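Below you'll find the structure, written out as structure tokens, and then a few comments.
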Amino acid sequence: MVSAGDGEQPLQLQSKNVCVVGAGMAGMAAARELRLEGHAVTVMEQSADVGGQWLYDPRTDGDDPLGAAVPVRVPGSMYACLRLISPREAMGFSDFQFLPRHGVAGRDPRRYPVHREMYCYLRDFCDVFGLMDAVRLNTRVLRVAETIPTSPSTRQWAVRSVQLCDGDEKEEVFDAVVVATGHYSQPKLPRIKGMEEWLRRQMHCHSYRTPDSFGGEVVVMVGCGDSGKDIALDLRRVAKEVHLTAKSTEEAMTPAMSKMLANHVNLHLHPQVDQLHADGRVVFADGSSVVADTVMYCTGYTYSFPFLDTGGAVTVDDNRVGPLFEHVFPPSLAPSLSFVGVPRKVLIPWFFEAQGKWVAQVLSGRRALPPVEEMLRSVEEHYRAREAAGVPKKYTHDIGGVEPLKMYEFGEKYCDFPRIENWQRELILSGIAGMNEDMENFRDRTDDSDNVRKGLQRWLGLAAPPQAQDDQNVAGKGTAAIEVDVQAMAKLLVN
């Protein structure tokens with residue numbers, strides 16, 4: 001029981017039975033916050049381990065390299081050489097920092113480590129906070145739908161799932177469902193004249209893992225965002241030629257792009273592809289062409305929830321999931337249905353932790369949502385503001401790239417979540433500027449400002465075991481479980 005304030009009646013918090021779909025960074029952040037708030041949590045994950053997109057899977061979709069099937073057969077999109085583009089100092093949970101593990105086999109202590117380090121960090125988080133007992137691995141969610149209500153004030157959800165190991169299906173009823181399946185699995189494909197007639201290899205970067213099979217090839221990359229440039233730099237080591245394309249070559253010609261093209265004679269930049277021909281020719285918008293062996297689409301991903309049946313209350317239209325109040329709650333179904341991890345270009349897992357805390361506190365009754373009409377009005381105002389600013393609908397959930405201040409204000413506004421420190425923000429901005437200046441080398445720069453160096457010293461001083469929380473804060477975990485958590489943290493620090 002939590003006091004509501006002097007002279008007020010004590011607030012009786014509610015405990016819900018909650019299903020979290022997805023055990024990636026967003027799902028496990030939500031699961032921890034739900035448990036801390038006193039809810040019973042079941043996490044369902046179709047892969048063999050937690051990690052989501054950070055769980056590297058060398059498999060691809062085989063006979064579907066475009067990833068056209070819905071859902072894709074292999075959810076992972078991680079390629080082998082990927083390194084983080086955000087500094088680890090700004091990527092930790094608020095009470096479990098992403099500290100470097102020097103001298104530990106298989107770990108990468110660099111500021112911008114390889115992808116496996118992020119997976120290991122999430123596993124450490126799960127171990128320290130005792131979350132793995134809530135996770136059902138190799139469990140695919142087939143359908144989530146609202147049950148027939150037993151009373152006007154009661155809403156529950158039927159979740160049907162299948163065990164991938166033995167095909168055993170079951171259906172369970174939960175008080176609430178948190179969808180945390182991410183948005184880097186289902187490829188978004190362009191429409192280009194001649195795609196159906198192209199007889200050579202076409203693939204989405206979702207199916208890219210290593211450059212081994214591209215030796216001596218001419219590869220055309222449709223799109224040159226961060227992953228497109230990153231993969232092009234990987235491919236250029238073995239490919240004969242790599243041709244990047246962009247809607248606007250002027251906008252794409254950043255200092256980083258100029259350096260890439262100057263440093264590697266087999267990298268080229270063209271305007272967007274106009275047409276593909278069956279003989280292998282790729283014609284660009286300026287009339288020039290090349291004969292290519294492979295066309296790779298680095299055109300992003302689309303939100304996809306094939307298991308979710310809301311009767312049209314939640315839809316995906318041009319990569320807009322809606323309506324969602326603050327990218328989390330569908331007004332007509334809140335708070336029993338929520339989404340964690342929809343926003344793009346945000347600090348992870350920090351932002352997901354704030355979202356999860358808000359969801360957990362609304363479900364418990366610690367915090368209240370506005371009336372449905374007010375939430376819907378807020379969503380419409382958000383849409384109109386984005387449209388007035390010239391932001392395309394497909395960027396509805398792009399927060400950091402459009403309204404970065406809202407990213408920092410979100411947690412403070414809805415759950416008293418602390419902002420990141422100024423030195424961390426400076427480090428983030430410095431990294432973005434460095435990436436735009438030199439894509440290949442920005443991760444290894446060491447020219448921190450005095451402000452960042454002082455902040456880094458304080459940050460490294462956080463390497464101390466967390467204090468055991470009281471029974472109320474750990475939401476029903478026994479004393480033995482708390483001791484295991486502290487011991488797990490201590491073991492990590494020793495290693």
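The values are calculated or read from the model by the stated rules, or taken from the named source; none is laboratory data. Only a predicted model underlies this, so the values are computations on that prediction, with no experimental measurement involved. Virtual Cβ from ideal backbone geometry, glycine too; neighbours counted across all protein chains shown. Note: accessible area is taken over every heavy atom of the protein model, side chains too, but ligands, DNA and RNA are not part of it. Shrake-Rupley method; radii C 1.70, N 1.55, O 1.52, S 1.80 Å.
Ignoring GluC sites (Glu not before Pro) that are buried or in helix or strand per DSSP, and keeping those with at most 16 other beta carbon atoms within 10 Å, what is the longest stretch of the chain between them? Display every interim value, and only then the final one.
Working: sites that count: E8, E196, E197, E421, E440.
Result for the longest clean stretch: 198-420.
Could you work out the helix-only [θ] at 222 nm for the chain, with each DSSP H run of four or more residues adding -39,500 (n - 2.57) and the total divided by the number of residues, to the nearest 500 deg cm²/dmol?
Values: 11 runs with 136 residues, N = 495.
Taken over the chain, the calculation gives -8500 deg cm²/dmol.
What's the center-to-center distance, using Cα atoms, between segment 80-129 and segment 296-349 in Å?
27
Write down Rg/Rh for segment 111-244, rounded to two decimals, with Rg from the C-alpha atoms and Rh from the Kirkwood relation over Cα pairs.
Values: Rg = 21.8 Å, Rh = 19.7 Å.
Here Rg/Rh amounts to 1.11.
Given a 1.4 angstrom probe, what's the average accessible area per residue across segment 179-235, in square angstrom? Kindly include the intermediate steps, with their values, before the conclusion.
On the way: 2230 Å² over 57 residues.
On a per-residue basis, segment 179-235 sits at 39 Å².
Can you give the extra length, in nm with one decimal, that the chain gains between A68 and E403 once fully stretched, where that is 0.36 nm per residue apart less the Cα-Cα distance?
Values: separation 335, 0.36 × 335 = 120.60 nm, distance 3.19 nm.
Gain on stretching A68 to E403: 117.4 nm.
Please compute the Kirkwood hydrodynamic radius of segment 175-311 from all pairs of different C-alpha atoms, in Å with one decimal. If you can, show how the numbers build up before the last one.
Numbers: mean 1/r = 0.0625 Å⁻¹.
About 16.0 Å for segment 175-311.
Using a 1.4 Å probe on the protein chains only, how many percent of the accessible area of segment 75-167 belongs to carbon and sulfur?
Of all accessible area on segment 75-167, carbon and sulfur atoms account for 52 percent.
If I take all pairs of Cα atoms in the chain, what percentage of them are more than 42 Å from each other? Mind dumping the intermediate values first?
Numbers: 23820 of 122265 pairs.
So the portion of pairs separated by more than 42 Å is 19 percent.
Return, for the Cα atoms of segment 303-427, the radius of gyration and Dmax in Å, separated by a comma.
Over segment 303-427's Cα set, Rg and Dmax evaluate to 14.5, 46 Å.
Would you list, by chain and number, the lysines whose Cα falls below 20 Å from the Cα of K357, excluding same-chain residues fewer than 8 positions away?
Cross-link targets: K16, K345, K406, K413, K477.
Tell me the label-point distance for the pair D95, R110, using the 7 Å Cα-to-Cβ offset, in nm and rounded to one decimal.
For the pair D95/R110, the computed spacing is 3.3 nm.
Can you figure out the FRET efficiency of A278 with T210, using R₀ = 25 Å and their beta-carbon distance, to the nearest 0.05?
0.30
When all protein chains stay in place, what accessible area (Å², nearest 10, 1.4 Å probe) is found for S94?
Its heavy atoms expose roughly 50 Å² to the probe.
Over segment 57-117, how many percent of alpha carbon pairs lie in each 5 Å bin up to the one with the longest distance?
Over segment 57-117, the share of Cα pairs per 5 Å bin runs 4, 16, 19, 16, 14, 11, 12, 7, 1 percent.
In the chain, once you exclude exposed trypsin sites (Lys or Arg not before Pro) (DSSP loop, at most 12 other Cβ within 10 angstrom), what's the longest stretch remaining? Could the numbers behind the result be given before it?
Values: sites that count: R59, R73, R191, K247.
Segment 248-495 is the longest.
For segment 345-386, what does the alpha-carbon gyration tensor say about shape, rounded, prolate or oblate, given a ≥ b ≥ c as the root eigenvalues, a/c under 1.5 as rounded, and a/b over b/c as prolate? Walk me through the numbers before you get to the answer.
On the way: a/c = 5.05, a/b = 1.16, b/c = 4.34.
It is oblate, given that a/c is not under 1.5 and a/b is not larger than b/c.
Working out 0.36 nm times the residue gap between N263 and S15, then minus their Cα-Cα distance, what length gain in nm do you get to one decimal?
Values: separation 248, 0.36 × 248 = 89.28 nm, distance 5.88 nm.
That works out to 83.4 nm of additional length.
For the chain, give the magnitude of the charge dipole about the Cα centre (Cβ charges: +1 Lys/Arg, -1 Asp/Glu; no others), in debye to the nearest 20.
Working: 54 positive and 66 negative charges, 115 e Å.
Dipole about the Cα centre, nearest 20: 560 debye.
Per 0.36 nm of contour for each residue apart, how much would the distance between K413 and S289 grow if the chain were fully extended, relative to their Cα-Cα spacing?
So the chain would gain 39.4 nm between K413 and S289.
Against the longest principal axis of the chain, how steep is helix 226-235, in degrees 0 to 90 to the nearest 10, with axes from Cα atoms?
50
Using label points projected 7 Å from each Cα along Cα→Cβ, tell me how many nm separate T315 and D133, to one decimal.
4.5
Quick check: at a probe of 1.4 Å, how many percent of the accessible area of segment 309-375 sits on carbon and sulfur atoms? All intermediate terms of the calculation are to be shown ahead of the outcome.
Numbers: 960 of 2040 Å².
In segment 309-375, the share of accessible area belonging to carbon and sulfur is 47 percent.
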